[in-house]
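Asker: Before anything else, here's the structure in question.
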Amino acid sequence: MKYFRLLKEGIDPAPLLTEIAAVDAAFDENRGRQEKIAVQREAKAIPLRGLRASAIAGRQRRDVHESRWTTGSQRFPLARAFLEETARTLGGELSRAKLVCLPPGNRVYPHVDRGEYYRARDRFHLVLRSSGSWMRAGDEEVRMRAGELWWFDNDQEHEACNDGDTDRIHLIFDLLPLRPEAAFGSAGKRVGAISSPADRPEPCATAP
């Protein structure tokens, strides 16, 4: 596959899910994703790292490289620790990050992440809860499972849906590659993603 790469399996999502559950109505506090990003309107998010507003300086938000921890991220120390450790392991500079919940029957609509910020970075998903997260990038489709860490190429048109009966919760984050070969070998967006072929997954039942 060109646009997806499974980096790790068997990560225990239970501590992170417990941390989220300990915060009352955690996914209902911030509605920016639903109200400002049309293709993401059916998803809920907890921002952990966001762009540094003081660094915008007339640029569009998608072109701002600087990021910082959100105030609310202090309630999620385990998520922060995972992000910092993963950035060190993969040899990247931690950038924006969020916990995203896609309720049953909801979709993230087809789009491309455009802008200077995204062109310079790699996108990762840690699956915390899912009955099989369907996702498409370009002409490739995968089903991500709980406990898996994935890289995918968000330069491609991509979409996602939840055709299961439980919330789909992912920790989504970006890294600015400092030494991509250490993380991916011959793969990765900056050096041309290559991995062994996989069986085509079942299509999303809610997709048109």
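Asker: Would you mind listing the strands (runs of 3 or more DSSP E) fully within the range 1-85 where at least 2 residues are farther than 16 Å from Lys98 by Cα?
Answerer: So the answer is 4-8.
Asker: Filter the range 140-155 down to residues that are under 18 Å from Arg129 (Cα atoms) and not small (Gly, Ala, Ser) and give me whichever is surrounded by the fewest Cβ atoms within 10 Å (Cβ to Cβ).
Answerer: Selected residue: Arg145.
Asker: Which condition does Arg5 not pass, out of (1) over 15 Å from the mean Cα position of the chain (by Cα); (2) surrounded by 11 or more Cβ atoms within 10 Å (Cβ to Cβ), if it passes all the others?
Answerer: (1)
Asker: Of the conditions (1) outside any loop (DSSP other than H, G, I, E, B); (2) closer than 24 Å to Leu48 by Cβ; (3) among the acidic types (Asp, Glu); (4) at pLDDT below 95, Glu181 fails just one. Which one is it?
Answerer: Glu181 satisfies every listed condition except (2).
Asker: Shifting gears a bit: Taking the range 43-99, which residues are of a type in the set (Asp, Glu), in contact with a Gly (Cβ under 8 Å, 6 or more places away or on another chain) and within 26 Å of Gly147 (Cα to Cα)?
Answerer: none
Residue by residue, here is whether (1) surrounded by 15 or more Cβ atoms within 10 Å (Cβ to Cβ); (2) modelled with pLDDT under 95; (3) closer than 24 Å to Tyr117 by Cα holds:
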| site | (1), (2), (3) |
| --- | --- |
| Pro15 | no, no, no |
| Ala21 | no, no, no |
| Glu29 | no, yes, no |
| Arg33 | yes, yes, yes |
| Ile56 | no, yes, yes |
| Asp63 | yes, yes, yes |
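Asker: Then there is this: Within the range 74-84, can you find the residues that are within 16 Å of the chain's Cα centre (by Cα) and free of Cβ contacts under 8 Å to residues at least 40 places away in the same chain?
Answerer: Scanning the range 74-84 gives Arg80, Glu84.
Asker: Applying the selection to the range 94-126, what residues are of a type in the set (Gly, Ala, Ser) and surrounded by fewer than 21 Cβ atoms within 10 Å (Cβ to Cβ)?
Answerer: Listed by number, the residues that qualify are Gly105, Gly115, Ala120.
Asker: Restricting the search to the range 44-100, which residues are touching a Pro at 6+ places or on another chain (Cβ under 6 Å) and either farther than 29 Å from Ala25 by Cα or of a type in the set (A, V, I, L, M, F, W, C) (or both)?
Answerer: Across the range 44-100, the qualifying residues are Leu78, Gly92.
The values are calculated or read from the model by the stated rules, or taken from the named source; none is laboratory data. Here the structure is a predicted model, which means the values were calculated and not measured. Cβ sites come from the backbone with ideal geometry, for glycine too, and all protein chains shown count toward neighbours.
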